[in-house]
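To start, the structure itself, in C-alpha coordinates.
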Amino acid sequence: MVAMFIGAIGVLDRKDMDSFAGIFIAYQNLGKTTDDKEKQKLDAQLAPWNSPDSAGIRRAYAGGRSFSVKCLGVFETVGTLGLPEELTLRSPKLKRLFGFPDRLLGPHIERAYQALALNENRADFICAKFEQKEEGRRKGQILKQCWFTGCHSDVGGGYKRHDLADIALTWMVAHVSDALAMDLKYLGGLLDPTAPWGTQKPHNPETGVFALSISTQRPLPTKTDDVTHEKIHPSVLHQKELYPALAQDIRDHPQLIGTLLPLEEEVMKNWPYNPTVAAAELKGEHPDTAPGPHPLHEHRSLSGKLAHSFAKATSSVLHKVAGDDGKST
(Lines give C-alpha, C1' and ligand atoms only; values in the text may rest on other atoms or scores of the structure.)
Protein backbone atom coordinates (compact mmCIF):
# COMPACT_ATOMS: atom_id res chain seq x y z
CA MET A 1 0.00 0.00 0.00
CA VAL A 2 2.87 2.39 0.74
CA ALA A 3 4.33 1.77 -2.71
CA MET A 4 0.87 2.32 -4.24
CA PHE A 5 0.49 5.68 -2.51
CA ILE A 6 3.94 6.77 -3.68
CA GLY A 7 2.81 5.96 -7.20
CA ALA A 8 -0.41 7.93 -6.74
CA ILE A 9 0.77 11.04 -4.89
CA GLY A 10 4.55 10.83 -4.98
CA VAL A 11 6.78 11.60 -2.03
CA LEU A 12 5.37 14.22 0.36
CA ASP A 13 7.59 16.51 2.39
CA ARG A 14 7.08 17.07 6.11
CA LYS A 15 4.69 19.94 5.61
CA ASP A 16 2.50 18.07 3.13
CA MET A 17 2.43 15.00 5.37
CA ASP A 18 0.09 17.02 7.62
CA SER A 19 -2.51 16.49 4.87
CA PHE A 20 -1.91 12.76 4.45
CA ALA A 21 -4.78 11.64 6.71
CA GLY A 22 -7.26 13.54 4.54
CA ILE A 23 -5.69 12.13 1.36
CA PHE A 24 -5.90 8.59 2.72
CA ILE A 25 -9.56 8.97 3.70
CA ALA A 26 -10.39 10.50 0.31
CA TYR A 27 -8.91 7.50 -1.48
CA GLN A 28 -10.85 5.17 0.79
CA ASN A 29 -14.09 6.99 0.04
CA LEU A 30 -13.30 7.04 -3.67
CA GLY A 31 -12.93 3.28 -3.59
CA LYS A 32 -16.30 2.59 -2.01
CA THR A 33 -18.60 5.27 -3.39
CA THR A 34 -20.88 4.60 -6.34
CA ASP A 35 -22.22 8.15 -6.57
CA ASP A 36 -20.86 10.06 -9.58
CA LYS A 37 -21.13 13.47 -7.89
CA GLU A 38 -19.26 12.16 -4.86
CA LYS A 39 -16.55 10.76 -7.15
CA GLN A 40 -16.16 14.15 -8.86
CA LYS A 41 -15.90 15.85 -5.49
CA LEU A 42 -13.23 13.42 -4.28
CA ASP A 43 -11.31 13.65 -7.54
CA ALA A 44 -11.23 17.42 -7.17
CA GLN A 45 -10.04 17.05 -3.57
CA LEU A 46 -7.19 14.74 -4.66
CA ALA A 47 -6.20 16.67 -7.80
CA PRO A 48 -3.62 18.91 -6.06
CA TRP A 49 -1.86 15.79 -4.86
CA ASN A 50 -2.01 13.34 -7.76
CA SER A 51 -1.61 15.68 -10.75
CA PRO A 52 1.65 15.35 -12.74
CA ASP A 53 2.59 18.87 -11.66
CA SER A 54 2.23 18.25 -7.92
CA ALA A 55 5.37 18.60 -5.82
CA GLY A 56 5.12 15.02 -4.56
CA ILE A 57 4.88 13.53 -8.05
CA ARG A 58 7.75 15.67 -9.35
CA ARG A 59 9.83 14.62 -6.35
CA ALA A 60 9.12 10.91 -6.92
CA TYR A 61 9.87 11.02 -10.65
CA ALA A 62 12.65 13.59 -10.62
CA GLY A 63 15.19 11.14 -12.04
CA GLY A 64 13.38 10.32 -15.26
CA ARG A 65 14.42 6.69 -15.70
CA SER A 66 15.18 6.28 -12.00
CA PHE A 67 12.90 4.57 -9.47
CA SER A 68 11.58 6.03 -6.23
CA VAL A 69 10.85 2.54 -4.80
CA LYS A 70 13.81 0.20 -5.16
CA CYS A 71 12.22 -3.08 -4.10
CA LEU A 72 8.74 -4.37 -3.25
CA GLY A 73 8.29 -7.87 -1.82
CA VAL A 74 4.90 -9.27 -0.78
CA PHE A 75 3.41 -12.61 0.20
CA GLU A 76 -0.06 -13.46 -0.99
CA THR A 77 -1.59 -10.02 -1.53
CA VAL A 78 -5.35 -10.51 -1.65
CA GLY A 79 -7.84 -8.05 -3.05
CA THR A 80 -10.31 -8.16 -0.16
CA LEU A 81 -10.44 -8.11 3.58
CA GLY A 82 -10.45 -11.89 3.54
CA LEU A 83 -13.74 -12.32 5.40
CA PRO A 84 -16.29 -14.78 4.02
CA GLU A 85 -19.07 -13.06 2.06
CA GLU A 86 -21.58 -14.45 4.51
CA LEU A 87 -20.03 -12.31 7.27
CA THR A 88 -19.80 -9.13 5.19
CA LEU A 89 -23.44 -9.35 4.12
CA ARG A 90 -22.02 -9.32 0.57
CA SER A 91 -21.26 -5.62 0.95
CA PRO A 92 -18.94 -4.41 -1.85
CA LYS A 93 -18.30 -1.24 0.14
CA LEU A 94 -16.76 -3.15 3.03
CA LYS A 95 -14.55 -5.13 0.70
CA ARG A 96 -13.38 -2.11 -1.26
CA LEU A 97 -12.60 -0.24 1.94
CA PHE A 98 -9.87 -2.71 2.76
CA GLY A 99 -9.07 -3.89 -0.77
CA PHE A 100 -5.85 -3.58 -2.70
CA PRO A 101 -7.10 -1.16 -5.34
CA ASP A 102 -4.42 -1.32 -8.02
CA ARG A 103 -2.92 -4.44 -9.58
CA LEU A 104 -0.98 -2.39 -12.12
CA LEU A 105 2.64 -2.15 -11.05
CA GLY A 106 3.67 1.49 -11.10
CA PRO A 107 6.74 2.42 -13.14
CA HIS A 108 8.20 4.03 -10.02
CA ILE A 109 9.00 0.56 -8.60
CA GLU A 110 12.30 -0.93 -9.74
CA ARG A 111 11.83 -4.54 -8.60
CA ALA A 112 8.73 -6.37 -7.37
CA TYR A 113 8.35 -9.93 -6.07
CA GLN A 114 5.23 -11.77 -4.97
CA ALA A 115 4.85 -15.28 -3.56
CA LEU A 116 1.48 -16.88 -4.44
CA ALA A 117 -0.39 -19.91 -3.07
CA LEU A 118 -1.43 -22.73 -5.40
CA ASN A 119 -3.80 -24.38 -2.94
CA GLU A 120 -5.81 -21.39 -1.69
CA ASN A 121 -9.40 -22.02 -2.83
CA ARG A 122 -11.37 -19.50 -0.76
CA ALA A 123 -13.19 -17.07 -3.06
CA ASP A 124 -12.59 -14.28 -0.56
CA PHE A 125 -8.82 -14.78 -0.86
CA ILE A 126 -8.43 -14.26 -4.59
CA CYS A 127 -4.88 -13.08 -5.11
CA ALA A 128 -4.11 -9.67 -6.56
CA LYS A 129 -1.44 -10.45 -9.12
CA PHE A 130 0.70 -7.56 -10.28
CA GLU A 131 0.60 -6.59 -13.94
CA GLN A 132 3.53 -4.82 -15.50
CA LYS A 133 2.89 -1.69 -17.54
CA GLU A 134 4.71 -0.91 -20.74
CA GLU A 135 6.35 2.13 -19.17
CA GLY A 136 7.87 0.01 -16.41
CA ARG A 137 9.01 -2.60 -18.92
CA ARG A 138 10.78 0.06 -20.99
CA LYS A 139 12.59 1.34 -17.89
CA GLY A 140 13.97 -2.12 -17.13
CA GLN A 141 11.63 -2.85 -14.23
CA ILE A 142 11.84 -6.41 -12.86
CA LEU A 143 8.69 -8.30 -11.86
CA LYS A 144 8.67 -11.89 -10.59
CA GLN A 145 5.66 -13.74 -9.22
CA CYS A 146 6.15 -17.30 -8.09
CA TRP A 147 3.58 -19.97 -7.18
CA PHE A 148 4.22 -22.21 -4.17
CA THR A 149 2.49 -25.22 -2.68
CA GLY A 150 0.01 -24.32 0.05
CA CYS A 151 -2.86 -22.11 1.09
CA HIS A 152 -2.67 -18.40 2.00
CA SER A 153 -0.97 -18.93 5.38
CA ASP A 154 1.19 -21.80 4.14
CA VAL A 155 2.90 -19.28 1.89
CA GLY A 156 2.60 -16.11 3.97
CA GLY A 157 3.30 -17.83 7.28
CA GLY A 158 1.27 -18.41 10.42
CA TYR A 159 1.10 -22.17 10.94
CA LYS A 160 3.06 -24.04 13.59
CA ARG A 161 4.28 -26.45 10.91
CA HIS A 162 5.82 -24.01 8.47
CA ASP A 163 7.97 -25.91 5.98
CA LEU A 164 6.10 -24.43 3.01
CA ALA A 165 6.33 -20.88 4.34
CA ASP A 166 10.08 -21.33 4.90
CA ILE A 167 10.55 -22.30 1.25
CA ALA A 168 8.65 -19.20 0.11
CA LEU A 169 10.61 -17.02 2.55
CA THR A 170 13.90 -18.41 1.27
CA TRP A 171 12.85 -17.54 -2.30
CA MET A 172 12.08 -13.97 -1.24
CA VAL A 173 15.30 -13.58 0.75
CA ALA A 174 17.33 -14.93 -2.16
CA HIS A 175 15.92 -12.21 -4.41
CA VAL A 176 16.16 -9.20 -2.08
CA SER A 177 19.38 -9.91 -0.16
CA ASP A 178 21.27 -7.39 -2.25
CA ALA A 179 18.77 -4.65 -1.36
CA LEU A 180 18.20 -5.43 2.33
CA ALA A 181 20.55 -6.47 5.11
CA MET A 182 19.65 -10.05 6.03
CA ASP A 183 20.94 -12.13 8.95
CA LEU A 184 21.10 -15.31 6.90
CA LYS A 185 22.67 -17.34 9.70
CA TYR A 186 19.76 -16.44 11.99
CA LEU A 187 17.21 -17.29 9.29
CA GLY A 188 18.87 -20.64 8.69
CA GLY A 189 18.56 -21.48 12.37
CA LEU A 190 14.79 -20.92 12.32
CA LEU A 191 14.06 -23.86 10.04
CA ASP A 192 12.36 -26.76 11.79
CA PRO A 193 10.97 -28.97 9.03
CA THR A 194 8.40 -31.69 9.53
CA ALA A 195 8.91 -33.30 6.10
CA PRO A 196 11.51 -33.54 3.34
CA TRP A 197 12.01 -30.38 1.28
CA GLY A 198 8.87 -29.44 -0.63
CA THR A 199 6.78 -32.41 0.48
CA GLN A 200 4.77 -31.01 3.38
CA LYS A 201 1.06 -31.40 2.74
CA PRO A 202 -0.82 -28.08 2.43
CA HIS A 203 -3.09 -27.07 5.32
CA ASN A 204 -6.84 -26.90 4.85
CA PRO A 205 -7.75 -23.21 5.25
CA GLU A 206 -11.52 -23.81 5.28
CA THR A 207 -11.81 -24.32 9.02
CA GLY A 208 -13.49 -22.34 11.79
CA VAL A 209 -15.28 -19.26 10.49
CA PHE A 210 -13.71 -19.87 7.07
CA ALA A 211 -15.74 -23.05 6.69
CA LEU A 212 -18.40 -20.60 5.48
CA SER A 213 -16.22 -19.54 2.57
CA ILE A 214 -17.22 -20.21 -1.01
CA SER A 215 -14.65 -22.40 -2.76
CA THR A 216 -13.19 -21.56 -6.15
CA GLN A 217 -10.15 -22.55 -8.17
CA ARG A 218 -7.60 -19.80 -8.54
CA PRO A 219 -6.60 -19.00 -12.13
CA LEU A 220 -3.20 -20.64 -12.41
CA PRO A 221 -0.56 -19.80 -15.02
CA THR A 222 -0.73 -21.76 -18.26
CA LYS A 223 2.24 -20.05 -19.90
CA THR A 224 4.87 -17.43 -19.24
CA ASP A 225 4.28 -13.86 -20.37
CA ASP A 226 5.70 -10.36 -20.03
CA VAL A 227 2.70 -8.96 -18.15
CA THR A 228 2.47 -10.97 -14.90
CA HIS A 229 5.81 -12.81 -15.14
CA GLU A 230 4.55 -15.90 -13.30
CA LYS A 231 6.57 -19.02 -12.58
CA ILE A 232 6.00 -22.18 -10.55
CA HIS A 233 8.55 -22.93 -7.86
CA PRO A 234 10.53 -26.17 -8.35
CA SER A 235 9.51 -27.36 -4.86
CA VAL A 236 5.96 -27.86 -6.18
CA LEU A 237 7.19 -30.84 -8.19
CA HIS A 238 8.02 -32.65 -4.93
CA GLN A 239 4.36 -32.87 -3.93
CA LYS A 240 2.66 -36.27 -4.15
CA GLU A 241 -0.33 -34.78 -5.93
CA LEU A 242 -0.81 -31.84 -8.28
CA TYR A 243 -3.95 -30.39 -9.76
CA PRO A 244 -4.45 -32.40 -12.98
CA ALA A 245 -4.76 -29.21 -15.04
CA LEU A 246 -1.57 -27.81 -13.51
CA ALA A 247 0.33 -31.04 -14.10
CA GLN A 248 -0.73 -30.95 -17.74
CA ASP A 249 0.28 -27.29 -18.10
CA ILE A 250 3.73 -28.11 -16.71
CA ARG A 251 4.11 -30.98 -19.17
CA ASP A 252 3.03 -28.74 -22.04
CA HIS A 253 5.06 -25.72 -20.89
CA PRO A 254 8.11 -26.87 -18.85
CA GLN A 255 9.42 -23.30 -18.94
CA LEU A 256 6.77 -22.52 -16.29
CA ILE A 257 9.09 -24.06 -13.68
CA GLY A 258 11.47 -21.51 -12.22
CA THR A 259 15.14 -21.88 -11.35
CA LEU A 260 16.53 -22.01 -7.83
CA LEU A 261 18.95 -19.26 -6.83
CA PRO A 262 22.17 -20.32 -5.04
CA LEU A 263 20.74 -19.65 -1.59
CA GLU A 264 17.71 -21.81 -2.35
CA GLU A 265 19.96 -24.60 -3.60
CA GLU A 266 21.90 -24.47 -0.33
CA VAL A 267 18.72 -24.70 1.69
CA MET A 268 17.41 -27.62 -0.36
CA LYS A 269 20.73 -29.45 -0.13
CA ASN A 270 21.02 -28.96 3.64
CA TRP A 271 17.32 -29.10 4.56
CA PRO A 272 17.50 -30.06 8.29
CA TYR A 273 14.72 -32.65 8.25
CA ASN A 274 15.07 -35.33 10.92
CA PRO A 275 12.24 -37.89 10.71
CA THR A 276 12.77 -38.99 14.32
CA VAL A 277 12.40 -35.47 15.68
CA ALA A 278 9.45 -34.75 13.38
CA ALA A 279 7.63 -37.94 14.37
CA ALA A 280 8.15 -37.25 18.08
CA GLU A 281 6.88 -33.68 17.78
CA LEU A 282 3.82 -34.75 15.79
CA LYS A 283 2.99 -37.27 18.53
CA GLY A 284 3.35 -34.57 21.16
CA GLU A 285 6.45 -36.19 22.61
CA HIS A 286 9.53 -34.32 23.69
CA PRO A 287 12.60 -35.49 21.77
CA ASP A 288 14.36 -36.23 25.06
CA THR A 289 11.78 -38.94 25.88
CA ALA A 290 11.45 -40.40 22.37
CA PRO A 291 12.72 -43.98 22.05
CA GLY A 292 16.03 -44.72 20.36
CA PRO A 293 19.17 -42.57 19.98
CA HIS A 294 18.88 -38.96 21.07
CA PRO A 295 17.70 -37.16 17.89
CA LEU A 296 18.45 -33.57 18.87
CA HIS A 297 22.19 -33.95 18.41
CA GLU A 298 21.78 -34.67 14.69
CA HIS A 299 18.98 -32.08 14.40
CA ARG A 300 21.15 -29.33 15.90
CA SER A 301 24.07 -30.39 13.74
CA LEU A 302 21.94 -30.11 10.61
CA SER A 303 20.54 -26.73 11.69
CA GLY A 304 24.03 -25.45 12.39
CA LYS A 305 25.24 -26.70 9.02
CA LEU A 306 22.35 -25.00 7.26
CA ALA A 307 22.93 -21.74 9.15
CA HIS A 308 26.55 -21.88 8.00
CA SER A 309 25.37 -22.56 4.43
CA PHE A 310 23.08 -19.51 4.56
CA ALA A 311 26.04 -17.32 5.47
CA LYS A 312 28.34 -19.03 2.97
CA ALA A 313 25.85 -18.52 0.15
CA THR A 314 25.50 -14.77 0.72
CA SER A 315 28.19 -13.69 -1.72
CA SER A 316 26.93 -15.96 -4.49
CA VAL A 317 23.36 -14.77 -3.91
CA LEU A 318 24.37 -11.13 -4.20
CA HIS A 319 26.32 -11.85 -7.37
CA LYS A 320 23.47 -13.83 -8.89
CA VAL A 321 20.76 -11.29 -8.08
CA ALA A 322 22.80 -8.28 -9.15
CA GLY A 323 24.25 -9.81 -12.29
CA ASP A 324 21.64 -12.23 -13.59
CA ASP A 325 18.34 -11.26 -11.96
CA GLY A 326 16.45 -11.09 -15.21
CA LYS A 327 17.14 -14.77 -15.99
CA SER A 328 16.29 -16.43 -12.67
CA THR A 329 13.11 -16.98 -10.70
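The values are calculated or read from the model by the stated rules, or taken from the named source; none is laboratory data. Here the structure is a predicted model, which is why all the values come from computation and not from measurement. Please note: Cβ atoms are built from the backbone with ideal geometry, for glycine as well, and neighbour counts cover all protein chains shown.
Within the stretch 117-132, residues that are aromatic (Phe, Trp, Tyr) reach partners that are surrounded by fewer than 22 Cβ atoms within 10 Å (Cβ to Cβ) and assigned to a loop (DSSP other than H, G, I, E, B) with beta carbons closer than 7 Å, at six or more positions or on different chains, in the pairs 125/82; 130/103; 130/228.
How many of the residues making up the stretch 1-19 are surrounded by fewer than 16 Cβ atoms within 10 Å (Cβ to Cβ), assigned to a helix (DSSP H, G or I) and over 27 Å from the mean Cα position of the chain (by Cα)? Adding up the residues that qualify gives 3.
Take the residues of the stretch 224-245 that are closer than 24 Å to residue 136 by Cβ and in contact with a Leu (Cβ under 7 Å, 6 or more places away or on another chain): which is surrounded by the most Cβ atoms within 10 Å (Cβ to Cβ)? Outline the logic, then answer.
Our first condition is that a residue be closer than 24 Å to residue 136 by Cβ; within the stretch 224-245, this holds for 224-233.
Subsequent filtering for residues that are in contact with a Leu (Cβ under 7 Å, 6 or more places away or on another chain) retains 224, 229, 231-232.
Details: 224: 15, 229: 23, 231: 20, 232: 25.
Top of the filtered list is 232.
The set of residues from the stretch 110-141 being within 24 Å of residue 213 (Cβ to Cβ), surrounded by 21 or more Cβ atoms within 10 Å (Cβ to Cβ) and among the aliphatic types (A, V, I, L, M) comprises 115, 116, 117, 118.
Contact map, the stretch 217-241: first residue within 18 Å of residue 169 (Cβ to Cβ) and small (Gly, Ala, Ser), second residue modelled with pLDDT of 95 or more and in a helix (DSSP H, G or I), Cβ cut-off under 6 Å, separation 6 or more or different chains; pairs are 235/167. Selection of first residues in the stretch 65-76 that are free of Cβ contacts under 8 Å to residues at least 40 places away in the same chain and hydroxyl-bearing (Ser, Thr, Tyr) and of second residues that are surrounded by fewer than 19 Cβ atoms within 10 Å (Cβ to Cβ) and part of a strand (DSSP E or B), restricted to Cβ pairs under 9 Å at least 6 apart or on distinct chains, gives the following pairs, ordered by first then second residue: 66/110.
If only residues of the stretch 29-84 that are among the aliphatic types (A, V, I, L, M), closer than 30 Å to residue 118 by Cβ and not in a strand (DSSP E or B) are counted, the one that is modelled with the highest pLDDT is 81. Every test in (1) among the charged types (D, E, K, R); (2) modelled with pLDDT under 90; (3) under 20 Å from the mean Cα position of the chain (by Cα) is passed by residue 265 save one, and that test is (2). Evaluation of residue 199 against the conditions (1) over 18 Å from residue 76 (Cβ atoms); (2) surrounded by 16 or more Cβ atoms within 10 Å (Cβ to Cβ); (3) out of contact with any His (no Cβ under 6 Å at 6 or more places or on another chain) shows that the sole unmet condition is (3).
Total residues in the stretch 221-240 satisfying the condition of being out of contact with any helix residue (DSSP H, G or I) (no Cβ under 9 Å at 6 or more places or on another chain), among the polar types (S, T, N, Q) and over 22 Å from residue 134 (Cα atoms): the figure is 1. Residues in the stretch 227-281 that are touching a Cys at 6+ places or on another chain (Cβ under 9 Å) and closer than 25 Å to residue 185 by Cβ: 233 only. Where helices (runs of 4 or more DSSP H) sit wholly within the stretch 104-188, none has at least 3 residues that are hydroxyl-bearing (Ser, Thr, Tyr), at pLDDT below 95 and within 12 Å of the chain's Cα centre (by Cα).
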